[in-house]
Amino acid sequence: MMEAIKLPTRHHEVDIIATDKHGEIVLIVEAKAQKLQTKSSAISQLKSYLNTLEANNAFAMLADLDEIEIFKVNQENDFKKILSLKTVNILKYYDAEFPVKKIFALYFITLLEAWLRDLAYHWKSVKPPASEELATIGLLDMIKQGDTYSQNDYYE
């Protein structure tokens, strides 16, 4: 069993971290259980997390109730948006009532993490939602057989 990654302190929580099969950080996720009007603050948070975790050349994901955006991050911590997905099209697969019920923050993180784990291990399906898109950008191969850590781990 690989050693758990030390997440930043509770005051600087990363919503989800995904690692590859070697335990290297390949994705950090900022999840907002609302529709964001402006994303600059959330992107600033992601950049701060990347600096804290020293995750070079990782991907970053910003997810709200409307959209899941994936960014490629370079050595200088510059973000380039490379993929945009409709959140409902992804998460309704893990909760059929997703589009119609109120979603709270911890549950939103749980659904996102379920999707990432399905991509890594195919626990729910042979071809999880957006598999092809994530394969095209190179993220799918990176998270295969990897692990996820979330702020929900604090509540177990």
Going by what's in this entry, would ILE16 be described as open to solvent by 30 Å² or more (accessible area, probe 1.4 Å) and hydrophobic (A, V, I, L, M, F, W, C)?
no
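Please go through segment 42-81 and give me each residue that is acidic (Asp, Glu) and in contact with a strand residue (DSSP E or B) (Cβ under 7 Å, 6 or more places away or on another chain), ordered by number. Steps first, answer last, please.
We begin by selecting, within segment 42-81, every residue acidic (Asp, Glu); these are 54, 64, 66-67, 69, 76, 78.
Listed by number, the residues that qualify are GLU67, GLU69.
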Any residue in segment 35-56 that's at positive phi: show its pairings with residues that are surrounded by 17 or more Cβ atoms within 10 Å (Cβ to Cβ) and modelled with pLDDT of 80 or more at Cβ separation under 9 Å, as long as the two are six or more apart or on different chains.
GLU54/ILE25
Flagged in segment 124-138 as closer than 16 Å to LEU111 by Cβ and over 17 Å from the mean Cα position of the chain (by Cα), in numbering order, are LYS124, SER125
Just to verify a result, which residue in segment 139-148, among those that are outside any helix (DSSP H, G or I) and crowded, with 19+ Cβ neighbours inside 10 Å, is nearest to the chain's Cα centre (by Cα)?
THR148
Run down ASP78, ASP118, ASP153, ASP95 and say which single residue is among the charged types (D, E, K, R), closer than 19 Å to ALA31 by Cα and at pLDDT below 95.
ASP153
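The values are calculated or read from the model by the stated rules, or taken from the named source; none is laboratory data. Computed from a predicted structure; not experimentally measured. Cβ coordinates were reconstructed from backbone atoms using ideal geometry, including for glycine residues, and neighbour counts include every protein chain displayed. Just so you know, the surface numbers come from the protein's heavy atoms only, side chains and all, with ligands and any DNA or RNA stripped out. Shrake-Rupley method; radii C 1.70, N 1.55, O 1.52, S 1.80 Å.
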